[in-house]
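What follows is a single structure, written as structure tokens, with notes after it.
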Amino acid sequence: MGVEKLFGKGKYRIISVFLENKESELHFREICRISGLTQPTVLEHLDVLTELGFLKVRKNMNQTLYSIDNNNPITEKILRFFEK
């Protein structure tokens, strides 16, 4: 559980959701449902993970979709922690 301690429980759960859905774009409510976290908690962590460059955001009409940004070097570094 070292990775969970490093990232915190919330970020750990959200990153895990994306690792289980690597090729998918996920809507905010899907992330809440899958992670089991509250909307304010998910929003806070999505903002941080987006600022870091781990996630990218795409607007589709009235939906905001999130996905892993494989073009950002920070993504590779974060993924290495989860592989161990």
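What follows is calculated from the coordinates using simple rules that are stated; it is not laboratory data. Note that the coordinates shown come from a computational prediction; the quantities given were computed from them, not determined experimentally.
Once you have the Kirkwood Rh of the chain from its Cα pairs, apply Stokes-Einstein at 4 °C and 1.567 mPa s and quote D in µm²/s.
On the way: Rh = 12.8 Å.
Diffusion coefficient, whole number: 101 µm²/s.
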Legend entry - Nearest-ten-degree value, helix 73-83 long axis tilted from longest Cα axis of the chain: 60
Legend entry - Backbone HN-Hα couplings from phi across region 53-64 [Karplus 6.51/-1.76/1.60, Hz, Gly and Pro as x]: x, 5, 10, 10, 10, 9, 8, 10, 6, 9, 9, 10
Legend entry - Pairs of lysines in the chain (C-alpha under 18 Å apart; 8 or more residues apart or interchain): 11
Legend entry - region 16-62 - convex hull of alpha carbons, volume per residue in Å³: 81
Inset, instruction - Return a whole-number percent for the relative contact order of the chain, with Cα pairs under 8 Å and 6 or more residues apart as the contact set. - result: 28
